[in-house]
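First up is the structure itself, then whatever we jot down about it.
The values are calculated or read from the model by the stated rules, or taken from the named source; none is laboratory data. All figures in this text were calculated on a predicted structure; none of them were measured in a lab. Quick reminder, even Gly has a Cβ in these numbers, built from the backbone with ideal geometry, and neighbours come from all protein chains shown.
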There are 2 protein chains.
Amino acid sequence: MRPWSSEEFEAELRAVGEARYHHLHPFNERMHAGDLTEEEFRGWVRNRFYYQINLPVKDAFILTKLPDAAERRKWIKRITDHDGTTEVEGGIERWVRLGEAVGLTRDELYDTRTVLPGVRFAVDAYVDFCRHKPWLEAVASAMTELFAPDLLSRRIVDVQKHYPWLDSRGLEYFRTRLTQQPADIAHLLGLVRDNARTREQQEACVRALEFKCDVLWTLLDAVQLAYGKAE
Amino acid sequence: MRPWSSEEFEAELRAVGEARYHHLHPFNERMHAGDLTEEEFRGWVRNRFYYQINLPVKDAFILTKLPDAAERRKWIKRITDHDGTTEVEGGIERWVRLGEAVGLTRDELYDTRTVLPGVRFAVDAYVDFCRHKPWLEAVASAMTELFAPDLLSRRIVDVQKHYPWLDSRGLEYFRTRLTQQPADIAHLLGLVRDNARTREQQEACVRALEFKCDVLWTLLDAVQLAYGKAE
């Protein structure tokens, strides 16, 4: 089979997001509609923290297998975006402040013994995917970032509107991600398009992105089941 | 068994270097005495390059298992020291310039198919050690850096003295390492001393350092056998 053109390939990737990114998940729709209780919101923030602290770990696994120093130099920015540097606060610390804004302590967030099993399995599966798969597929699994800006800009507006008890400074994580993501997305798209040369590789990238959508979706399933109001 | 004191532990680690660091290897002694032919020098630079390009890879494996963002923020400097950043040239690029100073092209250095099997096995064993072992032992294996400053400062002097055909700008790698290493050594010593709390952990660190000395020693064995003059 002939490879997809760049445009066809990108359209296939974007179709995955339209069909199964977690913006469609009922728990997310309830968040945006203002229907979450404080306890549900806290449950989400606390469990999603386990995902956040694992992002630099999965990115470090990708770092171990990128082809050369030039690609590592670009990828390493993703790790410092989350871990921060001595000068600049990172995404993990910003998520701690979101946690504090919903009434969680730093210690509660870092006590990962209380992470829901379904969340742990999903996040660990994501880290393992990046540990074991070829780097191209591991990189492709990060492409849910393509669909994040729309969701994040709506989230900042809807959360401020519907959850007045939540100090809006707690939303700094989302605001910063919005400024970081355009460069990340251009980097991911370029890297994947330049290196997925055969149709087989392109299809493996599409499957990697589907897998990652499943990770995010399953995380919300677990939170909804444990904390969600009965429908 | 009671744990060693900090002083005893550091003395045990330093004793490993005195007994088996590669400054004692006959090939290294011949380098410093001015006895290497141009071909031998090139053979060493070319094969050691395989070690150099694998340093950020093994450091990225350590990054995947360090306990938190604070430790990753410190460790990541080791990766950028070798890979460089968009602004600052890294150690790999400086080693390429050493290669060019001894008459190798960039393409020859990066053509890793020509790496000697014994060098490949030793370097791959080092990367695998950092992939599979607990982070404390992987970190301890980096402590050959404790013994490097003495060797590097002598190397800069001896190479300039004995190998006038080698453009001294090619030695920038060693000069830069000399400036980087004091901070690296303090970081490594602190991290290992603070986390090796039991005698068992301390002894595992000593064994990790012995293993690493074996890697460096075996690398020179392979180069000596392939390129060395008959004794």
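Worth pointing out:
- Within region B:101-131, if we keep just the residues that are among the basic types (Lys, Arg) and surrounded by 14 or more Cβ atoms within 10 Å (Cβ to Cβ), the residue that is farthest from the chain's Cα centre (by Cα) turns out to be B:ARG131.
- Filter pass, A:GLU172 being free of Cβ contacts under 8 Å to residues at least 24 places away in the same chain and either touching a helix residue (DSSP H, G or I) at 6+ places or on another chain (Cβ under 7 Å) or among the charged types (D, E, K, R) (or both): no
- Residues located in region B:132-141, provided they are assigned to a helix (DSSP H, G or I), crowded, with 18+ Cβ neighbours inside 10 Å and not polar (S, T, N, Q): B:TRP135, B:LEU136, B:GLU137, B:ALA138, B:VAL139, B:ALA140
- Output for region B:83-100, where each listed residue is on the phi < 0 side of the Ramachandran plot, within 18 Å of the chain's Cα centre (by Cα) and not aliphatic (A, V, I, L, M): B:ASP83, B:GLY90, B:GLY91, B:GLU93, B:ARG94, B:TRP95, B:ARG97, B:GLY99
- When residues in region B:165-202 are screened for being within 17 Å of the chain's Cα centre (by Cα) and not small (Gly, Ala, Ser), 17 of them pass.
- Considering only residues in region B:1-21 that are touching a helix residue (DSSP H, G or I) at 6+ places or on another chain (Cβ under 8 Å) and outside any helix (DSSP H, G or I), the one that is surrounded by the most Cβ atoms within 10 Å (Cβ to Cβ) turns out to be B:TYR21.
- Residue among B:CYS205, B:CYS213 that alone is closer than 20 Å to B:VAL139 by Cα, surrounded by 20 or more Cβ atoms within 10 Å (Cβ to Cβ) and over 16 Å from the mean Cα position of the chain (by Cα): B:CYS205
- Residues that are touching a Ser or Thr at 6+ places or on another chain (Cβ under 6 Å) and over 22 Å from A:LYS74 (Cβ atoms) do not occur anywhere in region B:82-101.
- Among residues of region A:22-46, those that are surrounded by fewer than 19 Cβ atoms within 10 Å (Cβ to Cβ) and closer than 17 Å to A:THR144 by Cβ, counted: 2
- Annotation: A:ALA140 fulfils all but one of (1) away from chain B (no Cβ under 12 Å); (2) of a type in the set (A, V, I, L, M, F, W, C); (3) in contact with a Ser or Thr (Cβ under 9 Å, 6 or more places away or on another chain); the unmet one is (3).
- Breaking point among (1) at pLDDT below 95; (2) surrounded by 17 or more Cβ atoms within 10 Å (Cβ to Cβ), for B:SER168: (2)
- Any hit, region A:126-136, residues being in contact with an Asp or Glu (Cβ under 7 Å, 6 or more places away or on another chain) and within 14 Å of chain B (Cβ to nearest Cβ): no
- Checked against (1) assigned to a helix (DSSP H, G or I); (2) of a type in the set (A, V, I, L, M, F, W, C); (3) surrounded by fewer than 17 Cβ atoms within 10 Å (Cβ to Cβ), A:ILE62 meets all criteria but (3).
- Candidate set: region B:85-123, residues that are within 14 Å of another protein chain (Cβ to nearest Cβ) and of a type in the set (Phe, Trp, Tyr); chosen: the one farthest from B:GLU172 (Cα to Cα): B:TYR110
- Pair list, Cβ under 8 Å, 6 or more apart: region A:150-166 residue small (Gly, Ala, Ser), other residue part of a helix (DSSP H, G or I): A:SER153/A:LEU178
- Hits in region B:91-110 - residues which are among the small types (Gly, Ala, Ser) and within 18 Å of B:ALA142 (Cα to Cα): B:GLY91
- Which numbered condition B:ASN47 misses (of (1) in a helix (DSSP H, G or I); (2) without any contact (Cβ under 8 Å) to a residue 60 or more places away in the chain; (3) more than 20 Å from B:VAL192 (Cα to Cα)): (2)
- In region B:72-84, the residues that are facing another protein chain (nearest Cβ under 7 Å) form Cβ pairs under 9 Å with partners that are among the acidic types (Asp, Glu) and assigned to a helix (DSSP H, G or I), at six or more places apart or across chains, as follows: B:ARG72/A:ASP83; B:ARG73/A:ASP83; B:ILE76/A:ASP83; B:ILE76/B:ASP59; B:ILE79/B:ASP59; B:ASP83/B:GLU93; B:GLY84/B:GLU93.
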